[in-house]
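What follows is a set of notes on a single structure, which appears directly below.
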Amino acid sequence: MISSTLLAIDAGGTKTDILWAQPDGCVLAQVQGQGINIASKPPDTWQEVLEELLHLAGVHRETVHVVCAGAAGYTLPDRRALLERLLNQLLPGANVLVLADYAIALEGATGGAPGVLVIAGTGSIACGRDREGRFMRAGGWGYLLGDEGSGFWMGREAIRTVLAASEGWGEHTLLYEMLSNTLGSSDTGEWLSMLYRTQNPQSLLAQLAPLVNEAAARGDAPAQRILREAAEHLAALVVQLGRHLQLPQDFPVCTVGGVWNSQMACEWFHRRLREYLPHWRGAVKPPMYSPVEGALLIAQRMMRA
């Protein structure tokens, strides 16, 4: 008979992962369901998804003593409080901790050790934790105010580059033909109309990012410049964390997201880190564990406290 268990939750925008485990980390069940970004979806949906996942996992709710949840949309305090309240209602005997989704991702990426995580997908953000346990983030302000170096940013820069060329003051680029094929029109005016009509321009632009990598691999100078600038923006986030955290010289830089599928972007990113952080002796590497496993590591520390 299991008397005490832990629950780890990764409540992301596209999917929600739940991991039910014993205090020693032995996994009892792991299930996945639809995303519950708490900034954009209503609380009724959160409850519906969580109830279903708890049922699918066969969680004995009375045994759950610690819950650690990472949530997309964490920066909205009222929504965060609602999620905490819901988890307390679903698991009334548990000590509940709700963190940002990038915080549990960092925990999983480094296995709880000091280090930095750089997420560059549709958006971009970096976060780190030092030897004293201090946590810090850099970027992650969204497409209106930031997301430099992200897939969204790369797609936007690709269109800007083509627009400049079409007006006669920008450099010729292979991106014009590639974007025309992808967007179904060679009329840049139609591109603008499409972008300004869509309700989700950041996702549309992020889908164009792989074209930048393809054009760069074919020797297109403007596309290469976009990749190089993306790498510089992302490296700058790491530098800011390095300046404010007490990180060891060999701290790891873990990378997550579609931007890192570009070998050229990875190479320039690594080069910029070496230039900007001459005393750094660490490595760029993939995460050790998933975000939900990072939440489990935190839950285990909570149980021991």
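Coordinate-derived values only; no laboratory data. Bear in mind the structure is a predicted one, so any value in this text is a computation, not a measurement. Virtual Cβ from ideal backbone geometry, glycine too; neighbours counted across all protein chains shown.
Observations, loosely collected:
- P(r) histogram, all alpha-carbon pairs of the stretch 112-287 included - 10 Å bins from 0, percent: 10, 37, 30, 15, 6, 0
- Relative contact order (percent, whole number), the stretch 112-287, Cα cutoff 8 Å, 6+ residue spacing: 29 percent
- Estimated [θ] at 222 nm from DSSP helical runs (n ≥ 4, -39500 (n - 2.57)) normalised by residues in the chain, nearest 500: -14500 deg cm²/dmol
- Calculated FRET efficiency for the pair Arg160/Arg274, C-beta based, R₀ 22 Å, to 0.05: 0.15
- Model label points for Glu171 and Thr14, set 7 angstrom from Cα along the Cα-to-Cβ axis, are 3.1 nm apart.
- A simple spin-label model places pseudo-atoms 7 Å from Cα toward Cβ; at Gln207 and Ser3 they are separated by 5.5 nm.
- The label-point distance for His244 and Glu48, in a model that sets each label 7 Å from Cα toward Cβ, rounds to 3.9 nm.
- Projected area, mean over directions - the chain, Cα convex hull, nm²: 17.1 nm²
- Using only the C-alpha atoms, the convex hull of the stretch 29-89 corresponds to 87 Å³ per residue.
- Positive dipole terminus of the chain, leading residue within Leu83, Gly219, Leu277 (C-beta point charges): Leu277
- Longest segment of the chain lacking GluC sites (Glu not before Pro) that sit in a DSSP loop with at most 13 other Cβ atoms within 10 Å: 172-305
- A cut-off under 11 angstrom between Cβ atoms defines the neighbours of Ile125, and their net charge, with Lys, Arg +1 and Asp, Glu -1, is -2.
- For Asn88 and Glu190, the difference between the fully extended length at 0.36 nm per residue and the C-alpha to C-alpha distance is 31.7 nm.
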